[in-house]
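Asks: Below is one structure. I have some questions about it.
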Protein chains: 2
Amino acid sequence: MTSRDGYQWTPQAGLTQGVPSLGVISPPTNIKDTNEPWDVIVIGGGYCGLTATRDLTVAGFKTLLLEARDRIGGRSWSSNIDGYPYEMGGTWVHWHQAHVWREITRYKMSNALTPSFNFTHGVNHFQLRTSPNASVSTYMTHEAEDDLLRTALHKLTNVDGNNGRTILPFPHDVFHVPEFREYDNMSYADRISQIQDELSPNERATLEAFILLCSGGKLENSSFGEFLHWWAMSGYTYQGCMDCLISYKFRDGQSAFARQFWNEALGTGRLGYVFDCPVASVSDGDGDGSGSDVRVTARDGRVHAAKRVICTIPLNVLSGIRFSPPLSAIRASAAQAGHVNMCTKVHAEVDNQAMRSWTGITYPFNKLCYAIGDGTTPVGNTHLVCFGTDANHLQPEEDVRETLKAVGELAPGAFEVKMLVFHNWVKDEFAKGAWFFSRPGMVSDCLEGLRERHGGVVFANSDWALGWRSFIDGAIEEGTRAARMVVEELRPERGVRACL
Amino acid sequence: MTSRDGYQWTPQAGLTQGVPSLGVISPPTNIKDTNEPWDVIVIGGGYCGLTATRDLTVAGFKTLLLEARDRIGGRSWSSNIDGYPYEMGGTWVHWHQAHVWREITRYKMSNALTPSFNFTHGVNHFQLRTSPNASVSTYMTHEAEDDLLRTALHKLTNVDGNNGRTILPFPHDVFHVPEFREYDNMSYADRISQIQDELSPNERATLEAFILLCSGGKLENSSFGEFLHWWAMSGYTYQGCMDCLISYKFRDGQSAFARQFWNEALGTGRLGYVFDCPVASVSDGDGDGSGSDVRVTARDGRVHAAKRVICTIPLNVLSGIRFSPPLSAIRASAAQAGHVNMCTKVHAEVDNQAMRSWTGITYPFNKLCYAIGDGTTPVGNTHLVCFGTDANHLQPEEDVRETLKAVGELAPGAFEVKMLVFHNWVKDEFAKGAWFFSRPGMVSDCLEGLRERHGGVVFANSDWALGWRSFIDGAIEEGTRAARMVVEELRPERGVRACL
């Protein structure tokens, strides 16, 4: 099946919109008017919504999933093109990510991973270029690349003489040490100005490119505390970061994993769903969560009702939905400000097999600043995954020549591009950005408020998870939380089917 | 409530059996004869059985939990004495342990942890003694202790020039690289003989004490591969090991956590239970798992029947139950051989407040070889947790003077013991050992067979988990697996309560 989402470019066909994905659901709905009302409506079929839907249906609740797109997965989905999976959004997982790993094990997929990096052959080096002059690349071994970034990251994160362990001892309880707020309030730029005299030019360029890869934002608008939180979640080490953030992916792509949640929920016989169904408004009768129905109106005017609604709409598009009663002041202001991640992710199939073991940074001049050899396609070409950020932003479908130029700048003269595949998350009306990344002070000011109940509506999204916020893991954490809350509330209301 | 399990000793009262615990369930049963038959019977109320019971009851299945003891938790439980929790068995958890952390987050307990180590004051050093001569202790800073053990562990684990990453790249898929079997077949002693020329005497003593602390066995009968598996699960680093294995515990004790699973299952109205109910035999009508009832006979002669049985009995006591049809040859031989962990764990309340920041190794001469300051009791004494292994075995209740002597040897003259608290897992008829630790070759030979179906009986236990085998995490992994298998099987059999 082909999704409306995503773009593909080849020299032969040019740019086309829509790429094939296992995540497309057909037919797009399975409900009848007689199915109303529902126990629960889940808005959004990303991992958060899928998890909530699965947990609710397994627990016996009649659940309606409404999804604006034609596919499951939200900001994580894969396109399978000519037998090779391209990750359009969230990609990497690790056994140190509790929620996603629990599901990987539960769905017997712990042997379904493959490494992204493969430093065994060919162009087996790291290429660093900080100037548009193509002749000034620095080449180094991957061991030297590790040393460079390790050293720089330790300088960045060692705010307490203990690699961040003292200031952030329990990352899920982020203000356990209240002084952490100071770092949450700092931007990347603020922190770098503190350590700039300790950084060599190569360290600084590599560090900035890496942390911008994490935030997708700019040095001035990305929270240093949020990066420290990733660091703590990763075990306070460079190696932990590399392992958790960018090392292991699904051999057959994310959408094969998302399908597991979907199939389990569908198998209960309690899942209703409507795809291609953007939501216009959510209205909660009296807003006290006491059991009166919540009504969800789709853009096409159709109204669905349920005892509870779990709304998994991302922060950056939340203000496009009308809520009655209106969003709390904190939630409204956070949604208005939005998170900063305007990441550009572009896959390039290149005709140089030897690039499989290559990594590169072209920063700050290039619109794609970080790339790695991520696989070998069935015909033997190398798959490069390339990232740009809001610091030097690229809309990859607007001018493909510009995109091709940015890919080419990564390793001038080393390859020809055979195909591009990407999803422009920034212009996606249901995302308006990539994974969450906090502005300075946003976690301090808004995290608690974003997690609060809103009458009969529970807001759940990786954007305000406690642990791996922004990650697939955080989405599952949040879907789990929301479903449990609703199950515990509705069980007494519907009467326990006691058997004892 | 006071459990029959555990021992307490004070100078005033001497040795008494049974200690108070939040895990004791009263009344010990809630079922009537009219409740028969059940959808599922779960044998064993440790974390594996609790997880399976919770998942089954939440999914709508009428479930009977049979537990030999008077309490939940199995090999992980805490005793609360004078307002202070002592962990009688499994203790430490970390956010890099997927299954247990998922539950900690789900039960909103991610802010309920406390660190074991506290290196801030008093006797803030590591004390190493390798000879019974009390005057030859070596004292060093905790930084030096870290350096010593880090160096030694890297020598131990660096079998591939890549810190174990090459030989064990996917620890949940343990034979992904088939050559890993070579290391699984090696004992600790085998591996140490390979690297002995690289180890200083202090490195060797510290290393041996630490890895024996992990296995609870002897150098000759503990699998080196099993330790490599822990190492890989921890992220292939010393710091990862320390973080995952021994750093964070529940402020209020394990039993407060186990209660969460219990309360959720009970809240569904679908949980029947009988405590003080050791099982004598399990009989599966035709052994094909086709839906005919499985019968479980308790030692008191009472028979319970269900469509499926989830048996969570630990490996070392499995051969004490009669199964019909009989256990597979692999399962029977693994149960007969047993795992090697004969750990002795003794808590000592000592009258020296300054010992809070102390750690020590007394090896090989002492019957307690590894100890750390683990907390401060309400009256201001230090709580030391002390470990012995089968390499120099102690039955702590047999001769309390011998136990007190072994505690005293840890830091001669530094304190008086005000209280001892312990559970003798080796003599416990429902455990016959502590957490699982593999003999050389046991994982190669038996892991797959231990995970196989047995007609209508699903065997599930941390002892044969794929990930954090031996840990609370592995118990939850296995309970999750078993429940899902049974739910998927029974759902079509009972007819889906479809609502669409």
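Asks: For the stretch B:192-202, indicate whether the set of residues that are in contact with a helix residue (DSSP H, G or I) (Cβ under 8 Å, 6 or more places away or on another chain) and surrounded by 21 or more Cβ atoms within 10 Å (Cβ to Cβ) is non-empty.
Replies: No, the conditions are met nowhere in the stretch B:192-202.
Asks: Let me ask something additional. Just the residues that are open to solvent by 60 Å² or more (accessible area, probe 1.4 Å), closer than 16 Å to A:Cys369 by Cα and at pLDDT below 95, please, taken from the stretch A:118-153.
Replies: Once the filter is applied, which keeps residues that are open to solvent by 60 Å² or more (accessible area, probe 1.4 Å), closer than 16 Å to A:Cys369 by Cα and at pLDDT below 95, the stretch A:118-153 yields A:Pro132, A:Asn133, A:Val136.
Asks: Within the stretch B:330-372, can you find the residues that are under 30 Å from B:Glu452 (Cα atoms), without any contact (Cβ under 8 Å) to a residue 60 or more places away in the chain and aliphatic (A, V, I, L, M)?
Replies: Passing the criteria: B:Ala332, B:Ala335.
Asks: Looking at the stretch A:43-58, which of its residues are open to solvent by less than 10 Å² (accessible area, probe 1.4 Å) and among the aliphatic types (A, V, I, L, M)?
Replies: Once the filter is applied, which keeps residues that are open to solvent by less than 10 Å² (accessible area, probe 1.4 Å) and among the aliphatic types (A, V, I, L, M), the stretch A:43-58 yields A:Ile43, A:Leu50, A:Ala52, A:Leu56.
Asks: Hey, another quick one. Criterion first (within 13 Å of chain A (Cβ to nearest Cβ), on the phi < 0 side of the Ramachandran plot and not hydroxyl-bearing (Ser, Thr, Tyr)) does B:Pro440 satisfy it?
Replies: no
Asks: Any chance the stretch B:154-169 includes a residue that's over 30 Å from B:Met442 (Cβ atoms) and free of Cβ contacts under 8 Å to residues at least 40 places away in the same chain?
Replies: No, the stretch B:154-169 contains no residue that is over 30 Å from B:Met442 (Cβ atoms) and free of Cβ contacts under 8 Å to residues at least 40 places away in the same chain.
Asks: Consider B:Leu156 carefully, then state whether it is more than 14 Å from chain A (Cβ to nearest Cβ), assigned to a helix (DSSP H, G or I), open to solvent by 10 Å² or more (accessible area, probe 1.4 Å) and at pLDDT 95 or above.
Replies: Taking the combined requirement at face value, the residue does not satisfy it.
Asks: Still on this structure: Out of the stretch B:112-144, which residues are assigned to a helix (DSSP H, G or I) and within 16 Å of B:Met355 (Cα to Cα)?
Replies: Residue satisfying the conditions is B:His142 alone.
Asks: A:Ser290 fails exactly one of the following numbered conditions: (1) open to solvent by 10 Å² or more (accessible area, probe 1.4 Å); (2) at pLDDT 95 or above. What is the number of that condition?
Replies: Against the list (1) open to solvent by 10 Å² or more (accessible area, probe 1.4 Å); (2) at pLDDT 95 or above, A:Ser290 comes up short only on (2).
Asks: For A:Arg165, which of the numbered conditions (1) open to solvent by less than 40 Å² (accessible area, probe 1.4 Å); (2) within 14 Å of another protein chain (Cβ to nearest Cβ) fails to hold?
Replies: (1)
Asks: Could I ask something else about it? Looking for something in contact (Cβ under 8 Å) with a residue 60 or more places away in the chain and within 14 Å of chain A (Cβ to nearest Cβ) - is there at least one such residue anywhere in the stretch B:284-302?
Replies: no
Asks: Assuming B:Asp33 fulfils every condition listed in (1) surrounded by fewer than 16 Cβ atoms within 10 Å (Cβ to Cβ); (2) farther than 19 Å from B:Val294 by Cα; (3) not hydroxyl-bearing (Ser, Thr, Tyr) apart from one, which condition is it?
Replies: Single failed check for B:Asp33: (2).
Asks: Pick from B:Arg439, B:Arg401: which is of a type in the set (D, E, K, R) and closer than 27 Å to B:Ser222 by Cβ?
Replies: When all the criteria are applied, what remains is B:Arg439.
Asks: Then there's this: Only residues that are open to solvent by 40 Å² or more (accessible area, probe 1.4 Å), facing chain A (nearest Cβ under 9 Å) and within 21 Å of the chain's Cα centre (by Cα): list them for the stretch B:103-117, please.
Replies: Residue satisfying the conditions is B:Pro115 alone.
Asks: On to the next question. So, of the residues in the stretch B:210-267 that are under 30 Å from B:Gly60 (Cβ atoms), surrounded by fewer than 22 Cβ atoms within 10 Å (Cβ to Cβ) and small (Gly, Ala, Ser), which turns out to be nearest to the other protein chains (Cβ to nearest Cβ)?
Replies: Of everything passing the filter in the stretch B:210-267, B:Gly267 is nearest to the other protein chains (Cβ to nearest Cβ).
Asks: Right, here's the next one. Taking B:Val40, is it among the hydrophobic types (A, V, I, L, M, F, W, C), buried (at least 24 other Cβ atoms within 10 Å of the Cβ) and assigned by the TED database to the domain that holds B:Arg270?
Replies: yes
Asks: Looking only at residues in the stretch A:64-102 that are among the aromatic types (Phe, Trp, Tyr) and open to solvent by less than 10 Å² (accessible area, probe 1.4 Å), which one is nearest to the other protein chains (Cβ to nearest Cβ)?
Replies: A:Trp101
Asks: Right, something else. Looking only at the stretch B:440-494, count how many residues are among the basic types (Lys, Arg) and touching an Asp or Glu at 6+ places or on another chain (Cβ under 9 Å).
Replies: 4
Asks: Exactly one of these conditions fails for A:Gly272: (1) open to solvent by 20 Å² or more (accessible area, probe 1.4 Å); (2) in contact with a helix residue (DSSP H, G or I) (Cβ under 9 Å, 6 or more places away or on another chain). Give me its number.
Replies: Checking A:Gly272 against (1) open to solvent by 20 Å² or more (accessible area, probe 1.4 Å); (2) in contact with a helix residue (DSSP H, G or I) (Cβ under 9 Å, 6 or more places away or on another chain), the one that fails is (1).
Asks: For the stretch A:467-488, does any single residue satisfy the condition of being within 14 Å of chain B (Cβ to nearest Cβ) and over 29 Å from A:His176 (Cα atoms)?
Replies: Yes, the stretch A:467-488 contains a residue that is within 14 Å of chain B (Cβ to nearest Cβ) and over 29 Å from A:His176 (Cα atoms).
Asks: Of all residues in the stretch A:178-191 being assigned to a helix (DSSP H, G or I) and of a type in the set (Ser, Thr, Tyr), which is least open to solvent (accessible area, probe 1.4 Å)?
Replies: Ranking the candidates gives A:Tyr188 first.
The values are calculated or read from the model by the stated rules, or taken from the named source; none is laboratory data. Here the structure is a predicted model, which means the values were calculated and not measured. Counting neighbours? That spans all protein chains shown, and the Cβs are built from the backbone with ideal geometry, glycine included. Just the protein is used for accessible areas: all its heavy atoms, side chains included, with ligands, DNA and RNA removed. Shrake-Rupley method; radii C 1.70, N 1.55, O 1.52, S 1.80 Å.
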